[in-house]
Amino acid sequence: MGLLVYLSQPLVFLVAFAAAAFGLVVHNLVQAWLADRYGDALPRRMGFLTLDAKTHLDPLGLLFLALLGFGWPRSVPFRLNGSKGLIVALSGPVGFLLSAFVYLLVAGLLPRSLGLDQIALGLQVAAGVMVIEAAVFLFPVPPLDGARAIYAAGGYEARRFMDQLASYGPIGFILIFLVLSYTGVLGAVQAGLMGLLQTLLRLIGL
């Protein structure tokens, strides 16, 4: 279950967990940097433009990352609305995909000797986790990035519906997540995103 299935391969587990956790940081850095570029200084003031792990990482999110292969960082605060808020929100999943691409690229370039095959496998596992993160965070369910995009650029009725979903708290999120998983919707989005990354890698000869 999650990353714990790799505990029998300690190096694979450590690389996968560390790389996936850093991917959560990258998600936040991309959002914070873009919000800052758009003139919202709140993420900078709150420390989200630094690499401080305490600012970005949520302990419970890290625990779930290890247990289930899906975790979450602390939410980046920003006050942008309209198209700018929409772009900032959706840049989070792009950050996950960027991390996945880099991990797959490095894994493909590493020689399969001197134990580097274990590091390559760990990076490939982390890339898979990043694709799952990107797929999940795209969905318009509070507090995910898809919902933040609707809050930023959606109409009154759309924002009201997000408020209704948010009122159910974690239980509502878990139920929707389970429905998306068991209906195959999440798997389809995940497969599409992974296919896109693999196409890009083939274009550069990997």
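Just so it is clear, none of the values below were taken in a lab; they were calculated from the coordinates. Since we're looking at a predicted model, the values are computed, not measured. Methodologically, a virtual Cβ is constructed for each residue, glycine included, from the backbone with ideal geometry; neighbour enumeration extends over all protein chains shown.
Quick rundown of the values:
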item	result
Local electrostatic count at residue 43 - Lys and Arg +1, Asp and Glu -1, tallied over other residues with Cβ under 10 Å	+1
Under the Karplus curve 6.51 cos²θ - 1.76 cosθ + 1.60, θ = phi - 60°, whole-Hz ³J(HN,Hα) for segment 157-174, x wherever Gly or Pro sits	5, 5, 5, 5, 5, 4, 4, 5, 5, 5, 5, 7, x, x, 4, x, 5, 4
Alpha-carbon centroids, segment 161-189 and segment 40-93: separation in whole Å	20 Å
Ordering of 163-173, 112-122, 133-143 by burial proxy (mean other Cβ atoms within 10 Å per residue, highest first)	133-143, 112-122, 163-173
Spin-label pair residue 14/residue 178, simplified geometry with 7 Å Cα→Cβ offset, distance in nm	3.7 nm
Segment 1-40, Rg to Rh (Cα coordinates; Rh as Kirkwood inverse mean 1/r)	1.29
Spacing of the two label points (7 Å from each Cα toward its C-beta) at residue 204 and residue 4, in nm	3.5 nm
Burial ranking of peptide ranges 62-72, 194-204 (average Cβ count within 10 Å, highest at the top)	62-72, 194-204
Extension gain from residue 117 to residue 188, taking 0.36 nm per residue of separation minus the Cα-Cα distance	22.7 nm
Degrees between helix 59-68 axis and first principal axis of the chain (Cα, 0 to 90, nearest 10)	50 degrees
Sequence-distant residues sharing a close amide H with residue 57 (under 5 Å, placed H)	74
Kirkwood Rh (inverse of mean 1/r, distinct Cα pairs), the chain, angstrom	17.6 Å
For segment 60-105: rounded, prolate or oblate by the Cα gyration tensor [a/c cutoff 1.5]	oblate
Along each principal axis, Cα extent of segment 15-113, largest first, Å	48, 28, 21
Ellipticity estimate at 222 nm from DSSP helix runs (n ≥ 4, -39,500 (n - 2.57)) divided over the chain, nearest 500	-23500 deg cm²/dmol
Hypothetical label at residue 106: residues of segment 26-52 whose amide nitrogen lies under 15 Å (7 Å Cα-Cβ projection)	26-27
